[in-house]
1. So how do 151, 63 rank on accessible area, 1.4 Å probe, biggest first, that is with the largest at the start?
2. Starting from the Cα of residue 140, step 7 Å along the direction of its Cβ; do the same at residue 184; then give the gap between the two resulting points in nm.
3. With Kirkwood's inverse mean 1/r over C-alpha pairs for Rh, give me the Rg to Rh ratio of region 129-270, two decimals please.
4. Helix 81-91 versus the longest principal axis of the chain: what is the Cα-based angle in degrees, 0 to 90, to the nearest 10?
5. Relative to the longest principal axis of the chain, what angle (0 to 90°, nearest 10) does the C-alpha long axis of helix 3-68 take?
6. Can you give the extra length, in nm with one decimal, that the chain gains between residue 80 and residue 259 once fully stretched, where that is 0.36 nm per residue apart less the Cα-Cα distance?
7. How much of the accessible area of the chain, probe 1.4 Å, is carbon plus sulfur, in whole percent?
8. Averaged per residue, what accessible surface does the chain expose to a 1.4 Å probe, in Å²?
Amino acid sequence: MTTNESKRAAGSRVSVRVRLLVGMILLAGLTLLIAGTANYLLERRGLDARLDEALTRDVEEIRVLADTGIDPETQEHFTNAADLMYSAMQYNQMAETQSMLSMQNGEIVWTAPENVSLRLEDDPEFVEWAATLNPESTYLTTVETAQSTYRAAVIPVNLSEDTTPGVFIEAIDAAAEHRDLQVSLAVFIGAGAGALLIGGIVAWLLVGRVLQPVRDLQETTQRITEEELDARIQPRGHDEFAELTETINEMLDRLQQALEQQKQLLNDVGHELRTPITIIRG
């Protein structure tokens, strides 16, 4: 086999190996992409539902306090909305991404306790939005500002003894919650990329072993000529490639036997014709 033929054969082998490897990586990558995207969307939907559930639960507690109108400390009826909202803030436990704000006449009356990390009063756009509220009933809404995106519960506080209604706002930093989810997605993508890399290396080695019988077959068939029919393929393992190898070796045995019989026939015919030709020449 010439040098060019060897290069073409090697290139062909690499091409098949690379195509198989790329196909496997693309299939695995597509599977990870679909699984990751579906998981992220489901987790995000579940997260949004949990945020609304947390707000709804706190809203119910504040509404119970407003309906009863009794101060848990003094056991007396609230006479103004500001005191009721202050009491609600003191008894409401906040998570790291939650906070509260109390408004009357467009002004901040109470802010969340100092141990609350999220400070809504430090977001001017949120305060400006809260100052325009004049709700008739409780509702949940999404507020987007330059600093963050909030999921907020707006609760009107009205007492018959107080002519100035109040607005109690509880908000969750939805953007921070979503960032935690995005970090989990980034970790999943990183782990998936690492798994693809390791899988690609392992697949490269495995594909090489799988294609080894094919390479042996190619090299053996290139060595076989009319004068040299003794080359055989060494079987590897006990799989379909091994069976194919044995079948090809048996075919080569039959081919060699047929050619030897043909040579023997030609030798016999030449020997039998030698005497008559000699006589004719004489």
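1. Result, largest first: 63, 151.
2. Taking the two extended label points, one gets 1.8 nm.
3. Details: Rg = 40.0 Å, Rh = 23.6 Å.
Over the Cα atoms of region 129-270, Rg/Rh equals 1.70.
4. 50
5. The helix 3-68 is inclined about 20 degrees to the chain.
6. Numbers: separation 179, 0.36 × 179 = 64.44 nm, distance 11.35 nm.
Gain on stretching residue 80 to residue 259: 53.1 nm.
7. On the way: 10190 of 18260 Å².
So the carbon and sulfur contribution to the accessible surface is 56 percent.
8. Numbers: 18260 Å² over 282 residues.
Here the residues of the chain average 65 Å² of exposed surface.
The values are calculated or read from the model by the stated rules, or taken from the named source; none is laboratory data. Please read all numbers here as calculations on a predicted model, not as lab measurements. Every residue, glycine as well, gets a Cβ built from its backbone with ideal geometry; the counts of neighbours run over all protein chains shown. Please note that ligands, DNA and RNA were not included when accessible areas were found on the heavy atoms of the full protein model with its side chains. Shrake-Rupley method; radii C 1.70, N 1.55, O 1.52, S 1.80 Å.
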